[in-house]
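The values are calculated or read from the model by the stated rules, or taken from the named source; none is laboratory data. In this text, all values refer to a predicted model and were calculated from it rather than measured experimentally. Please note: Cβ atoms are built from the backbone with ideal geometry, for glycine as well, and neighbour counts cover all protein chains shown.
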């Protein structure tokens, strides 16, 4: 069992101790507040991201050490060298690619508009004109909305959490999130919400690394592990466990 102690959680014990224990650790940052990707239940860190990273670390023969923090602080931890990568639905964007190296994608998804159930005024992203729309602070969805040709007609509100609650209460007209997470929220939470139309932008999630020699080497090591886990069906099995479908392939 993986037990959360403060912000650090060591979750994988290797059968044989490495020659250089500290060098062999894979330090991974995540929020622990984004069900079903990463969350804490009974003091135990769980979720899709945890299962995938555990499998990657095992394939690499490394010990994984989890560091939890608010999502908005994860990239700061990566930049300061406190962690080696982030596993928290990190979307590959042009801006982020200028600052970080990315692994191959391990999640393929799309941006989704969600409204209060019964709201017939919003049936697609085009219907967000003149509306107030919530997004999670630090997510890629604010940038996606601001890139729309009618972005100046949308009022965007950023939240640390609970964007679904304010949408269900009618405090905002809609929120934008990836379709997978939005579907899980609708399924799991007793809130009157609905998906509004199709996805409007493809999203791929991957692991960011510092653009250094060490970062490149670790990125390549993770890519090799991902390739093996995809070929042997491990990624698909983990995805189906959490989502009932395979989100790890295009």
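Yes or no: residue 151 more than 25 Å from residue 247 (Cα to Cα), surrounded by 13 or more Cβ atoms within 10 Å (Cβ to Cβ) and touching a strand residue (DSSP E or B) at 6+ places or on another chain (Cβ under 6 Å)? The answer is no for residue 151. Counting only strands (runs of 3 or more DSSP E) wholly contained in the range 168-216, the ones carrying 3 or more residues that are modelled with pLDDT of 95 or more occupy 174-178, 208-210. Could you tell me whether the range 192-199 includes any residue that is within 26 Å of residue 39 (Cβ to Cβ) and out of contact with any strand residue (DSSP E or B) (no Cβ under 8 Å at 6 or more places or on another chain)? So far as the range 192-199 goes, no, none of its residues is within 26 Å of residue 39 (Cβ to Cβ) and out of contact with any strand residue (DSSP E or B) (no Cβ under 8 Å at 6 or more places or on another chain).
Within the range 92-112, the set of residues being farther than 30 Å from residue 196 by Cβ and surrounded by fewer than 18 Cβ atoms within 10 Å (Cβ to Cβ) comprises 98, 99, 104. The lone criterion from (1) surrounded by 14 or more Cβ atoms within 10 Å (Cβ to Cβ); (2) in a loop (DSSP other than H, G, I, E, B); (3) in the same structural domain as residue 122 (by TED's automatic domain parsing) left unmet by residue 248 is number (3). Just one of the numbered conditions (1) modelled with pLDDT of 95 or more; (2) in a helix (DSSP H, G or I); (3) surrounded by 15 or more Cβ atoms within 10 Å (Cβ to Cβ) is not true of residue 144: (1). Taken over the range 78-91, the criterion of being under 19 Å from residue 217 (Cα atoms) and either buried (at least 19 other Cβ atoms within 10 Å of the Cβ) or touching a residue at least 12 places away in the same chain (Cβ under 8 Å) (or both) is satisfied by 78, 79, 81, 82, 83, 84, 85, 86, 87.
Quick check, is residue 115 crowded, with 22+ Cβ neighbours inside 10 Å and either within 22 Å of residue 187 (Cβ to Cβ) or at pLDDT 95 or above (or both)? Yes; evaluated as a whole, the condition is true for this residue. When the range 81-95 is filtered for residues that are at pLDDT 95 or above and more than 14 Å from the chain's Cα centre (by Cα), the ones remaining, listed by number, are 81, 82, 83, 84.
So, in the range 211-230, exactly how many residues are crowded, with 20+ Cβ neighbours inside 10 Å and in contact with a strand residue (DSSP E or B) (Cβ under 9 Å, 6 or more places away or on another chain)? Of the residues in the range 211-230, 3 are crowded, with 20+ Cβ neighbours inside 10 Å and in contact with a strand residue (DSSP E or B) (Cβ under 9 Å, 6 or more places away or on another chain). Taking the range 156-167 as the range and being over 15 Å from residue 142 (Cα atoms) and modelled with pLDDT of 90 or more as the test, the residues that pass are 164, 165, 166, 167. Looking at 229, 193, just one residue is in the same structural domain as residue 36 (by TED's automatic domain parsing) and touching a helix residue (DSSP H, G or I) at 6+ places or on another chain (Cβ under 6 Å), and that residue is 229.
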